[in-house]
Structures are given as structure tokens and as C-alpha cells.
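J.: Here it is, the structure in full.
Values quoted throughout were computed directly from the atomic coordinates according to the rules given, and no laboratory measurement underlies them. Note that the structure is predicted; figures quoted are calculated from it, not measured. All Cβ positions, glycine included, derive from the backbone under ideal geometry; neighbour counts span all protein chains shown.
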Amino acid sequence: MNAIVKVENVGMTFDTKKGRFVALQNVNLQIRQGEVVSLIGHSGCGKSTLLNLIAGLTLPTSGAMICNGREIAGPGPERAVVFQNHSLLPWLTCFENVHLAVERVFGAKEGKDKLKARTNAALEMVHMSHAAQKMPHEISGGMKQRIGIARAFAMEPKILLMDEPFGALDALTRASLQDELIGVMEKTGATVVMVTHDVDEAVLLSDRVVMMTNGPAATIGEILEVKLAKPRDRLQLAHDPHFAECRAAILEFLYQKQMKKAA
Amino acid sequence: MSTATLTSGLVTVGPDTEAAPETRDGVTVAKQEAPMAAATVSRAAAAEAAEPSASFGERCSAFLRVVLPPLLGFAFIIGLWAMVAMKSTDFPGPAKTLDAAITLFSDPFYQNGPNDQGIGWNILSSLKRVAVGFGVAALVGIPMGFIIGRFAFMNSMLEPIISILRPVSPLAWLPIGLMVFKAADPASTWTIFICSIWPMILNTAQGVQRVPQDYLNVARVLNLSEFKIITKILFPSVLPYMLTGIRLSIGTAWLVIVAAEMLTGGVGIGFWVWDEWNNLKVEHIIIAIFVIGIVGLVLEQFLLLIARRFSYGNN
Ligand SMILES: Nc1ncnc2c1ncn2[C@@H]1O[C@H](COP(=O)(O)OP(=O)(O)O)[C@@H](O)[C@H]1O
Ligand SMILES: [Mg+2]
């Protein structure tokens with residue numbers, strides 16, 4: 001088994017005004033090439049913290065983070081991130097937003113036409129070619145998230161990291177973006193780590209669901225293998241007994257074992 | 001700033017005369033759109049365009065709702081002025097001032113020696129001083145703002161100095177300008193430089209400090225070069241703050257130039273006011289007040305227009 005990402009005994013402590021805050025402790029996780037892993041847990045448990053560690057946006061205070069056999073020392077284009085709030089640059093058109101990433105990754109090797117073609121292909125993949133010349137504030141939230149995904153995929157990253165990519169969207173938009181993401185993942189065979197708080201989304205999209213205990217000092221509670229054949233179809237899954245089992249296991253973990261104390 | 005208070009002052013005179021609640025709406029909309037009494041016509045046009053299917057009667061009343069309150073305000077002020085003028089022997093009334101304005105503006109660009117030039121030349125030389133002082137302040141202040149915003153050390157080093165110097169009236173710097181430059185003209189430009197530089201530094205620095213972390217994270221994930229970070233992320237996100245600084249600077253600069261020119265003499269609208277006072281031509285002073293107000297308003301609106309061009313929706 002070749003793990004592309006290894007998280008070994010990782011701990012993360014923040015220095016805050018109220019003293020030291022231990023967010024993560026003793027986190028161990030291995031992510032295989034081509035695997036889709038989702039992180040689920042109650043809000044504030046440290047999912048984003050873990051994802052940012054893999055991204056290299058922050059560095060762990062203890063333990064080791066390894067990607068592709070090398071210690072993660074910072075962010076890099078081989079680990080693309082889809083941010084929760086899309087983070088498109090508002091002064092660039094959708095095309096330019098994606099092109100900025102393409103240019104950075106492939107600009108040294110490829111000509112202008114090739115870069116443009118790559119950008120257009122990425123927009124096409126999320127069905128957003130029609131909005132290429134629009135500014136981000138002219139399109140809907142779901143469309144912005146699509147552009148964010150196109151930007152990440154256009155970089156042809158080894159690993160795609162997504163922090164609640166559909167968290168701010170309504171249920172219908174979310175479902176259609178999930179379907180789109182399934183298609184894109186199928187096509188690219190990407191390794192994906194995704195934070196979510198949606199149980200159905202976790203089961204629908206992932207090969208493994210990593211369930212995190214409540215913070216402070218959160219760690220990985222259980223890991224669930226989702227043994228459903230791919231590509232998955234949400235309508236058929238609704239009647240699948242294994243889907244129901246997975247769902248029940250996650251719900252049980254979240255609402256029985258890790259019941260959140262009322263704040 | 002001063003124009004906004006003026007307009008709302010004028011507007012409060014209006015609503016009493018018309019009681020319908022829609023009227024109020026009309027007034028609020030008008031107030032928000034542009035605090036600009038001179039633009040009543042274009043505002044009315046905008047109101048009309050907003051309801052293309054409205055009947056003629058409705059459109060008339062919408063027009064009146066927008067135009068009437070400012071007109072009433074002006075009528076009120078002019079009436080008050082006429083009354084005061086009637087009671088006083090040396091204060092000219094609106095009619096006499098209008099007469100004088102017509103003569104004055106029929107030949108704004110005459111030149112009879114250095115101390116007797118048309119009002120057009122006076123306005124232009126004031127604007128030129130503002131432009132130069134302000135331009136140099138931008139060249140110095142904006143990079144300084146970037147440095148202060150980017151490096152905490154520079155911020156802690158320069159902040160106390162700026163805090164002490166900023167509240168000082170720029171006119172206090174005039175003697176130093178006179179001493180250094182040994183001439184009136186660069187000295188008043190120097191005061192403009194001093195008063196323009198603070199808002200420019202502080203707003204730019206604030207803009208740099210407030211570049212959203214998300215955008216910086218994007219830059220880090222993409223591993224953008226320092227050049228790309230500056231051109232694609234820092235500069236565009238600081239630009240709105242910079243433009244606010246520029247607008248505040250120009251506003252103060254225009255306030256200060258009048259006072260500075262009164263002290264230094266030469267050609268300029270401030271000097272002209274002082275000269276007309278010595279000639280006891282009070283109607284010219286009143287005209288100058290209007291002219292200074294309108295030029296200030298035009299400058300501000302122009303910069304607001306630019307700022308709107310560079311505000312990228314509400315993200
Ligand atoms: N930069 C930081 N400084 C201090 N505390 C932080 C920081 N980032 C996250 N935390 C804390 O760590 C915990 C986990 O946060 P996060 O990973 O954002 O949770 P979530 O699972 O909702 O994504 C929270 O209690 C949060 O307050
Ligand atoms: Mg989070």
C-alpha cells in the first residue's frame with residue numbers, strides 16, 4: 001500500500017490570548033493514492049486545522065506530516081485547495097482566476113495557447129465555459145464554488161484538499177455540485193481529502209470517512225470504509241443497505257459517542 | 001464631507017411640505033444616490049429610467065419628489081440671504097451677486113499683470129498647486145503606507161511620529177516651507193503635501209493590513225511569485241483603501257489651499273478672496289465661496305466615480 005500522505009503523531013497547539021490551546025493531539029492517518037477521504041466531526045473539532053496542516057498553510061507543533069515521501073514544509077501547487085468561501089479574486093474574471101493557477105503550474109513548460117486551452121478545459125469540466133468572462137460577483141454562490149473547483153483541478157494536483165466546499169450552498173445546488181464532483185473525480189482519478197459536516201455527502205463521495213472526536217485535543221475517533229461500487233448514483237444508493245449502514249455508523253458516532261455538550 | 005451635511009440639511013427642509021410616505025422614500029433614495037444639489041436633473045432622469053412603464057402623471061410626481069426638496073432648500077437659503085442683505089448696507093443681495101458673477105465669468109481668463117487676473121486663472125493656479133502637492137504626497141505616501149502595512153516593525157517605529165504630526169494644522173508648516181523654499185508658491189504647495197500625505201499613508205497601510213487572509217492563502221497555495229502577489233493580490237485589494245485616502249487628501253487639500261494662499265499671496269482662489277476683501281467687493285467673496293464649494297464637490301464626485309469603478313461588487 002503506497003500512502004501519498006502520512007500524518008504521524010501530529011499535534012497542533014495554538015498560542016492564544018487565553019493561553020495555549022491544544023487543537024489536535026496524536027493524529028495518525030495514511031491516505032492512499034487515488035483515495036477519497038472525508039473528515040467529519042462536530043464544528044470546532046479541528047477538521048480545518050488538519051486540512052490546513054496537509055495543505056501546508058500551517059505547520060504542526062509536534063509529529064510529522066509527509067507528502068510523497070517528503071516532509072510538508074509549506075503549501076505547494078501539488079496540493080491544491082478548494083476553500084470554503086471559494087476565495088476567487090474579485091478583480092479577475094473567472095477565466096483569469098483559473099488562468100492564474102494554470103500559468104503558475106504550467107507556465108514554465110507550455111506556450112500561451114496551451115495554457116489557454118487548459119484553462120478553458122477546466123471551465124468546461126465544471127460546465128462554466130459560458131461564464132468565463134464574468135466577474136465573480138456577477139455569478140451565483142454555486143457557480144463561484146464551481147470555478148474554485150475548476151481552478152484547483154486545472155493545476156492537476158497530486159492531492160485535492162477541500163474545506164466544506166459545498167457548506168454554504170442550498171441542498172439542490174449542493175447535490176448537483178456533488179454529482180459534478182463525482183464526474184470530475186472519476187475522470188481525473190484524483191486523491192481527495194474533503195472536510196464536510198454532511199453525513200450523506202461523506203458517504204456518497206468517499207472511500208473512507210474519518211470521524212474526529214470533539215476538541216480540545218481532538219484526534220481521530222473511528223475510520224469507516226465505504227465499500228460501495230463507483231461510480232455511485234444517489235438515487236440507487238437511497239435503497240442500498242450498505243449505504244444505510246454507513247450512514248447509521250456515522251450518525252451513531254456523532255450523536256451518541258461524541259454527543260456535543262450544549263454550549 | 002461638508003457637502004453631505006449641507007445636502008441633508010437642505011433635505012430636512014423639504015419633507016415637511018409633502019406628507020406622503022413615498023415622498024420620504026424618494027428623498028432617502030435621492031440622498032443616497034448623490035449628495036449633490038447640482039445634479040438634480042440627472043437624478044430625476046435616473047428615477048424616470050427606473051420605472052419605464054410608469055404613467056406620465058406618476059413620472060411627473062416622481063420628478064417633483066426628487067427635484068422639489070433641493071430646490072426648496074436653495075430657495076430658502078437665497079430668501080434668507082436676500083432678507084439679511086436688505087437689512088444690511090454693505091452685504092450684497094443675490095441679485096447684485098448674480099450681476100457681478102455674470103461680469104466675472106464673461107471674461108474669466110484676462111491677464112492684467114500678476115495681481116489682477118481672471119477668476120479662471122486663479123482657480124487653475126490653486127488646482128495646480130493642489131495637484132503638485134498632492135501628487136508628490138501620493139508618490140511618497142503610498143509606498144510608505146505599503147511599507148508600514150507590510151512590516152510590523154516599521155509600523156511601530158513610525159506610528160507614534162505620525163500620531164503626533166497628523167493633528168497639526170498644515171498651516172503650521174507654512175513658515176518652514178517659506179524658510180526652506182524661500183518663495184511663496186512652493187511653500188503653499190508644501191502645505192498641501194503635508195496635509196495630503198497623512199490620509200494617504202494611513203489608508204494605504206490599513207488596506208495592506210486588511211488584505212483578506214483567504215487571498216493570501218490562495219497566493220501561498222499557488223506559490224505565486226512576489227511580483228504576482230503584488231500585482232494580482234496586494235495592489236488590487238489595497239486599491240479601494242488607497243482611493244479613499246486619495247479622496248480624503250484631495251478634500252483637505254482643497255480646504256487648506258484657500259487658507260495657505262491667503263497667507264502667501266500670488267495667484268490663486270484663496271489669494272483672490274483676500275484681495276477682493278481688501279477691495280471691499282463682498283459680492284466677489286460670495287461668488288468665490290460658491291466656486292470653491294462647487295470645485296470641491298466636483299473633485300470629490302470625480303474621485304467617487306473612480307472609486308466605484310474599482311470596487312468589485314461585495315464579493
Ligand atoms: N489560528 C488559530 N488560533 C487559535 N485557535 C485556533 C486557530 N485555528 C483554529 N483554532 C481553534 O481550533 C479548534 C478547531 O478549529 P477548526 O479546525 O477550525 O474546527 P472545524 O472542525 O470546525 O474546522 C477551534 O476550537 C478553534 O477555535
Ligand atoms: Mg472548519
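J.: Of the options A:A238, A:P216, A:M143, report the single residue whose Cα projects farthest towards the positive end of the charge dipole of chain A (beta-carbon charges: Lys, Arg +1; Asp, Glu -1).
T.: With unit charges placed on the Cβ atoms, the residue in question is A:P216.
J.: May I ask you to list the trypsin sites (Lys or Arg not before Pro) in the range A:189-263 that are in a DSSP loop and have at most 16 other Cβ atoms within 10 Å of their Cβ?
T.: Here the trypsin sites (Lys or Arg not before Pro) that fit, given the DSSP loop and packing criteria, are A:K227, A:K260, A:K261.
J.: A:A23's amide H: which non-local residues (gap 5+, or another chain) put their own amide H closer than 5 Å, with H modeled 1.01 Å from N in plane and none for Pro or chain starts?
T.: So A:A23 has HN proximity to A:M12, A:T13, A:F14, A:A217.
J.: According to the square roots a ≥ b ≥ c of the eigenvalues of the Cα gyration tensor, what is the shape class of the range B:188-246, taking rounded for a/c under 1.5, prolate for a/b larger than b/c otherwise, and oblate for the remainder?
T.: prolate
J.: Let me ask something else about it. Could you pull out every residue, at least 5 positions away or on a different chain, whose amide H is within less than 5 Å of the one on A:A80? Hs are placed 1.01 Å off N in the peptide plane, and Pro or chain starts have none.
T.: Result for A:A80 returns A:K158, A:I159, A:L161.
J.: Okay, moving on. What is the local net charge at A:R32, summed over the other residues whose Cβ is closer than 11 Å to its Cβ (Lys, Arg +1; Asp, Glu -1)?
T.: Once positives and negatives cancel, what remains is 0.
J.: To continue, here is another question. With θ set to phi - 60° and the Karplus curve 6.51 cos²θ - 1.76 cosθ + 1.60, what are the ³J(HN,Hα) couplings of the range A:44-59 in order, to the nearest whole Hz, using x for Gly and Pro?
T.: With the stated coefficients, the range A:44-59 comes to x, 7, x, 5, 5, 4, 5, 5, 5, 5, 5, 5, x, 5, 10, 10 Hz.
J.: With a cut-off of at most 14 other beta carbons within 10 Å, and DSSP calling the residue loop, which trypsin sites (Lys or Arg not before Pro) in the range A:106-171 qualify? Please list them.
T.: Taking the range A:106-171 and a limit of 14 other Cβ atoms within 10 Å, the loop trypsin sites (Lys or Arg not before Pro) found are A:K109.
J.: Would you work out the charge dipole size for the protein assembly as shown about its Cα centre, treating the Cβ of every Lys and Arg as +1 and the Cβ of every Asp and Glu as -1, and quote it to the nearest 20 debye?
T.: In total the dipole reaches around 1380 debye.
J.: Karplus couplings for the range B:138-152 from phi (6.51 cos²θ - 1.76 cosθ + 1.60, θ = phi - 60°), rounded to Hz, Gly and Pro as x?
T.: Values per residue, Gly and Pro as x: 5, 4, 8, x, 5, x, 5, x, 4, 5, 5, x, 8, 10, 4 Hz.
J.: Using a cut-off of 10 Å between beta-carbons, work out the net charge of the residues near B:T189 (Lys and Arg +1, Asp and Glu -1, B:T189 not included).
T.: So the surrounding residues net to +1.
J.: How much net charge surrounds A:E245 when only the other residues with a Cβ under 14 Å from the Cβ of A:E245 are counted, with Lys and Arg +1 and Asp and Glu -1? Don't skip to the answer; put the middle values down first.
T.: Numbers: positive: A:K227, A:R247; negative: A:D200, A:E222, A:E225, A:D240, A:E252.
So the environment of A:E245 carries a net charge of -3.
J.: Treat the protein assembly as shown as a sphere of radius equal to its Kirkwood radius over Cα pairs and apply Stokes-Einstein at 37 °C in a medium of 0.692 mPa s; give the translational diffusion coefficient in µm²/s, rounded to a whole number.
T.: Calculated translational D: 113 µm²/s.
J.: Follow-up. Along the charge dipole of the range B:100-314, pointing to its positive end and built from +1/-1 on Cβ of Lys, Arg, Asp and Glu, which listed residue (B:N155, B:F105, B:V218) has its Cα farthest out?
T.: After comparing all options, I get B:V218.
J.: Let me make sure I get this right: for the range A:69-155, a, b and c are the square roots of the gyration tensor eigenvalues over alpha carbons, sorted descending. Under 1.5 in a/c it's rounded, otherwise prolate if a/b > b/c, else oblate. Which is it?
T.: It comes out oblate by the Cα gyration axes.
J.: Return the long-range amide H neighbours of A:R32 (sequence gap of 5 or more, or a different chain), with a cut-off of under 5 Å between placed amide H atoms.
T.: Result for A:R32 returns A:I4.
J.: Further, regarding this structure: ³J(HN,Hα) across the range A:204-209 via Karplus (A = 6.51, B = -1.76, C = 1.60, θ = phi - 60°), whole Hz, x for Gly/Pro?
T.: Per-residue couplings from phi come out as 4, 9, 9, 8, 9, 10 Hz.
J.: Considering every pair of different Cα atoms, what Kirkwood radius, in Å, is found for the range B:122-197?
T.: 13.4
J.: What FRET efficiency do you get for B:N278 and B:E58 if R0 is 56 Å and r is their Cβ-Cβ distance, rounded to the nearest 0.05?
T.: 0.55
J.: Right, another one. Roughly how big is the range B:100-314's charge dipole about its Cα centre, with Cβ charges of +1 (Lys, Arg) and -1 (Asp, Glu), in debye to the nearest 20?
T.: 900
J.: Would you compute, from DSSP H runs of 4+ residues alone, the mean residue ellipticity of the protein assembly as shown at 222 nm, taking -39500 (n - 2.57) per run and dividing by the full residue count, rounded to the nearest 500?
T.: On the way: 21 runs with 330 residues, N = 578.
Per the formula, -19000 deg cm²/dmol.
J.: For chain A, give the magnitude of the charge dipole about the Cα centre (Cβ charges: +1 Lys/Arg, -1 Asp/Glu; no others), in debye to the nearest 20.
T.: With only Lys, Arg, Asp and Glu charged at Cβ, the dipole is about 560 debye.
J.: Same structure again: Considering Cα pairs under 8 angstrom that are at least six residues apart, work out the relative contact order of chain A and quote it in whole percent.
T.: 25
J.: When a/c is below 1.5 the answer is rounded, else prolate if a/b is larger than b/c, else oblate, so apply that to the range A:1-94 with a ≥ b ≥ c taken from the square roots of the Cα gyration tensor eigenvalues.
T.: oblate
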